[in-house]
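See structure below.
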Amino acid sequence: MSYAVWTGVTGVFRRTALPLASYYVVTLALPLINGAARSDSAFVKHALVVLVVPLAVIVIAYAIGQIVRATLTNQDTGRSPVTKSRPLRRSL
Amino acid sequence: MCEPAARAAAVGESVKTKLLVVAAAAVIAWGLKRHYADARPEDLWWILSPTARVVSVMTGATFTLEPGEGYLSRDRLFLIEKACAGVNFIIAAFGMLVVLLLQRVGSAVSGLRLLGVSLLASYAAAVVVNSVRIGVAMRLADHPIAPSMFTASDVHRIEGIVVYFGGLVLLHEIVRRLDGRGYTAGRRP
């Protein structure tokens, strides 16, 4: 995984850390404290889904955001973002 | 009192106020959870009734209160029951907003304001997000798209997680922007 992608993904995880923590506390921590894992074996399967789906949502949303951004940038300029950011020799 | 001592006293007072706000938020969240655990569907009218109304507007279905059951749409054969109330979403959103805005608390008045605003915002968000979740669930019930590896129940569960978590992230972003603090983590200066 390239440095830019890695930085982007960690940035998105940092950005969503508080909603993610709030969600996990209410859906996982509180039922665990109340003994849901001991009394209900289905809870373990449910907990796995609850644990994984938000993480998958974050990664998929990031990937879609990057694709949309890249597409819009290319449509706006007709060139790649790299070409756009390169200074013009004439203006020097 | 010399200046450093006065500043230290002010900081100590602010920390004490913040701790009191966190304790009050925990009591409110616990009270909500207890109320939800003991409540009949009729007792949850304050969240189920507005949710049923918004879902009606979104989907065109008509919901009526069935005592002991919840809000039933006879034409769509769909029941908004106690488990659909979204009380857990209110608790998650309320806790998230209190933590997010806690650094704004400097006095008892601002602490009370934070608790009130967070509670109202989480309630409003819960009605909207829960209505979206139920609306999508009704759509999925009418037009099942369950891939072979998932049951309809799995799809319903995943849909609930995606909408609830997405709602929390959206609420978080909206409040951050309204609070005037653009998030810069992960970006290079």
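The values are calculated or read from the model by the stated rules, or taken from the named source; none is laboratory data. These numbers come from a predicted model, not from an experiment. Neighbour counts are summed over all protein chains in view; Cβ atoms, including those assigned to glycine, are modelled from backbone coordinates with ideal geometry.
Worth a mention:
- Odd one out for B:VAL105 among (1) closer than 28 Å to B:LEU79 by Cβ; (2) modelled with pLDDT under 95: (1)
- Region B:47-72, residues that are more than 13 Å from B:ASN130 (Cβ to Cβ), aliphatic (A, V, I, L, M) and surrounded by fewer than 17 Cβ atoms within 10 Å (Cβ to Cβ): B:VAL57, B:LEU65
- Tally, over region B:166-181, of residues that are crowded, with 19+ Cβ neighbours inside 10 Å and either under 12 Å from A:LEU18 (Cβ atoms) or in contact with a Ser or Thr (Cβ under 7 Å, 6 or more places away or on another chain) (or both): 5
- One residue stands out in region B:73-127 among those that are among the hydroxyl-bearing types (Ser, Thr, Tyr) and either assigned to a strand (DSSP E or B) or in contact with a Phe, Trp or Tyr (Cβ under 6 Å, 6 or more places away or on another chain) (or both): the one that is nearest to the other protein chains (Cβ to nearest Cβ), namely B:SER122.
- Helices (runs of 4 or more DSSP H) contained in chain A and holding at least 3 residues over 26 Å from B:ALA29 (Cβ atoms) and either modelled with pLDDT of 90 or more or under 16 Å from the mean Cα position of the chain (by Cα) (or both): A:3-15, A:42-77
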